[in-house]
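J.: After the structure tokens below, expect a handful of questions from me.
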Amino acid sequence: MKVAKSKIQELNEPKLEEQAHRYHFLGNELEKQGINVERIVRQLMDLQIAIPSWALGAGGTRFGRFRYGGEPGSLEQKIEDVALLHALTRAAGAVSLHIPWDIPEDAAAIQELAASLDITFDAVNSNTFQDPKGQNETYKFGSLCDTSEAVRAQAIAHNKEVIDIGEKLGSKSITVWLADGASFPGQNNFRQALQHTEDSLQEIYAHLPADWKMYIEYKPYEPSFYSTVIQDWGTSLMLANACGERAYTLVDLGHHLPNTNIEQIVATLMMKGKLGGFHFNDSKYGDDDLTVGSIKPYQLFLIFNELVYGMEHNESNNPPLAWMIDASHNIKDPLEDLIQSLEAIRIAYAKALLIDSRALKEAQENNDPVMAQEVLQAAFRTDVRPLVQEARRRSGGAILPLAAYRALHVRKQLIKERGSDVVATGL
């Protein structure tokens, strides 16, 4: 299903006057504070978030999975769904492929399709946390960390293949997330497992094209519940340093123990020039993979505060970040959930751009926590939706993308085209 620009303009038409009024009212108030509103709108227009190919169908838990109907049954349909999201939001201009769930049979044809829909390819993602049918060795007890040289060699070869596929599509990076770990004390030799992982990552890194990056993800637990080899940002950073200057740490917001100060991790990695990117989601207890901003919107804002500061004070020459949503849509329409997440990310970014950095620095230098809180919360409490909507309107998107999605009866149309029983590939 494609959404014509004329249709979006038609849906926007009744809302233009109100949008202009709300935008100019907020803009005038912000200009009085010395804020360059036009600059913020341009920055919002530039922020693009990759959509992972696995997030376009129904998610699930270990208890079960519920279908929505109209799920994408092929890689081509997944790219079409990303294009639909991008048409409505103008914030989702890239897709991140998961291999082997979404191996293109004809890379050139897939790249051509994506280009025709204004979609590029973000980082490719390897998978050594499950055994594909017909695989010689099992990852039951690990992949890059495994005691078996044959298992490690198989996992290394898979990651190299993923890089080769990504290169054909125009991708410039690979994300490595490992389920490697132990469920019981004594199961693994910690040092040996870490050394095997480092050696394996170095071999994968050596296969990178000269203009590629490697992102190393971390997670404290799950699916192994006693230990995970790459359990925290420090281990990821250590491994990235061992690989080379084009290896970076990737932060997934759900991959932290409860109440972890993620914004401090972000600041530290950016200071060291080693923050590669983000996987956005939200959580209450663990890696819940909930809609971005649905549980902890203030934390998301504080994270963006550090991101904005890091991007504007980039003494360490941290590279441009890779942004991606990584969520599981267990009870929501996946496309609606993604629209909500894209909105939450841009809202948090816009609020962070409003922070009076000079006033905040002054409060920090004067050891004035009261004023520091006032500065931050003045920005957080500002309703920035008119700025986000203006950025979207100027880019050709829907002023209210979720309302447009429902007005167009997108899910109903997808069910009509694809059927109600189709299951998204990979999941």
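The values are calculated or read from the model by the stated rules, or taken from the named source; none is laboratory data. Quick caveat, the model's predicted, so the values are computed rather than measured. Heads up, the Cβs are rebuilt from the backbone with ideal geometry, glycines too, and the neighbour counts pull from every protein chain shown.
J.: Restricting attention to the stretch 100-130, and to residues there that are charged (D, E, K, R) and closer than 24 Å to LEU250 by Cβ, which single residue is modelled with the highest pLDDT?
T.: Ranking the qualifying residues of the stretch 100-130, first place goes to ASP122.
J.: Could you tell me whether ASN318 is at pLDDT 95 or above, farther than 18 Å from LEU257 by Cα and over 15 Å from the mean Cα position of the chain (by Cα)?
T.: Here the answer is no, as ASN318 does not meet what is asked.
J.: Could we say that SER236 is touching a strand residue (DSSP E or B) at 6+ places or on another chain (Cβ under 8 Å) and more than 24 Å from VAL176 (Cβ to Cβ) here?
T.: no
J.: Looking only at the stretch 19-42, filter to residues that are out of contact with any Leu (no Cβ under 7 Å at 6 or more places or on another chain) and part of a loop (DSSP other than H, G, I, E, B); which one of those is nearest to ASP122 (Cα to Cα)?
T.: So, considering only residues that are out of contact with any Leu (no Cβ under 7 Å at 6 or more places or on another chain) and part of a loop (DSSP other than H, G, I, E, B), the one nearest to ASP122 (Cα to Cα) is ASN36.
J.: Would you please name the residue that is surrounded by the fewest Cβ atoms within 10 Å (Cβ to Cβ), looking only at residues in the stretch 149-186 that are among the polar types (S, T, N, Q) and assigned to a helix (DSSP H, G or I)?
T.: GLN154
J.: How about the stretch 396-427: which of its residues are over 19 Å from SER53 (Cα atoms) and touching a strand residue (DSSP E or B) at 6+ places or on another chain (Cβ under 7 Å)?
T.: Across the stretch 396-427, there are no qualifying residues.
J.: Still on this model: Could you run through the stretch 80-103 and say how many residues are among the β-branched types (Val, Ile, Thr) and part of a loop (DSSP other than H, G, I, E, B)?
T.: Within the stretch 80-103, residues that are among the β-branched types (Val, Ile, Thr) and part of a loop (DSSP other than H, G, I, E, B) number 2.
J.: Output the residues belonging to the stretch 219-245 that are within 18 Å of ILE156 (Cα to Cα), crowded, with 18+ Cβ neighbours inside 10 Å and out of contact with any Leu (no Cβ under 8 Å at 6 or more places or on another chain).
T.: ALA240 - this is the single residue of the stretch 219-245 that is within 18 Å of ILE156 (Cα to Cα), crowded, with 18+ Cβ neighbours inside 10 Å and out of contact with any Leu (no Cβ under 8 Å at 6 or more places or on another chain).
J.: Name the residues in the stretch 43-79 that are surrounded by fewer than 20 Cβ atoms within 10 Å (Cβ to Cβ) and part of a helix (DSSP H, G or I), would you?
T.: Within the stretch 43-79, GLN43, MET45, ASP46, GLU76 qualify.
J.: Run down ALA424, ALA407, ALA391, ALA398 and say which single residue is surrounded by fewer than 22 Cβ atoms within 10 Å (Cβ to Cβ) and touching a helix residue (DSSP H, G or I) at 6+ places or on another chain (Cβ under 9 Å).
T.: Matching residue, one of ALA424, ALA407, ALA391, ALA398: ALA407.
J.: ASP118 fails exactly one of the following numbered conditions: (1) closer than 30 Å to ALA91 by Cβ; (2) surrounded by 22 or more Cβ atoms within 10 Å (Cβ to Cβ). What is the number of that condition?
T.: In the conditions (1) closer than 30 Å to ALA91 by Cβ; (2) surrounded by 22 or more Cβ atoms within 10 Å (Cβ to Cβ), ASP118 misses (2) alone.
J.: Taking the stretch 104-118, which residues are assigned to a loop (DSSP other than H, G, I, E, B) and either farther than 23 Å from TRP177 by Cβ or free of Cβ contacts under 8 Å to residues at least 40 places away in the same chain (or both)?
T.: If the condition is that a residue be assigned to a loop (DSSP other than H, G, I, E, B) and either farther than 23 Å from TRP177 by Cβ or free of Cβ contacts under 8 Å to residues at least 40 places away in the same chain (or both), then GLU105, ASP106, LEU117, ASP118 are the ones that fit.
J.: Pairs needed: first member in the stretch 369-383, free of Cβ contacts under 8 Å to residues at least 60 places away in the same chain and surrounded by fewer than 17 Cβ atoms within 10 Å (Cβ to Cβ); second member anywhere, charged (D, E, K, R) and not in a helix (DSSP H, G or I); C-beta distance under 8 Å; at least 6 residues apart or different chains.
T.: From residues that are free of Cβ contacts under 8 Å to residues at least 60 places away in the same chain and surrounded by fewer than 17 Cβ atoms within 10 Å (Cβ to Cβ), the pairs are ALA378/ASP356.
J.: I'd like to verify a number: residues in the stretch 241-252 that are over 10 Å from GLU217 (Cα atoms) and outside any loop (DSSP other than H, G, I, E, B), how many?
T.: 4
J.: If a residue has to be of a type in the set (A, V, I, L, M, F, W, C), under 30 Å from TYR68 (Cα atoms), out of contact with any Leu (no Cβ under 7 Å at 6 or more places or on another chain) and at pLDDT 95 or above to count, how many in the stretch 370-427 make the cut?
T.: 7
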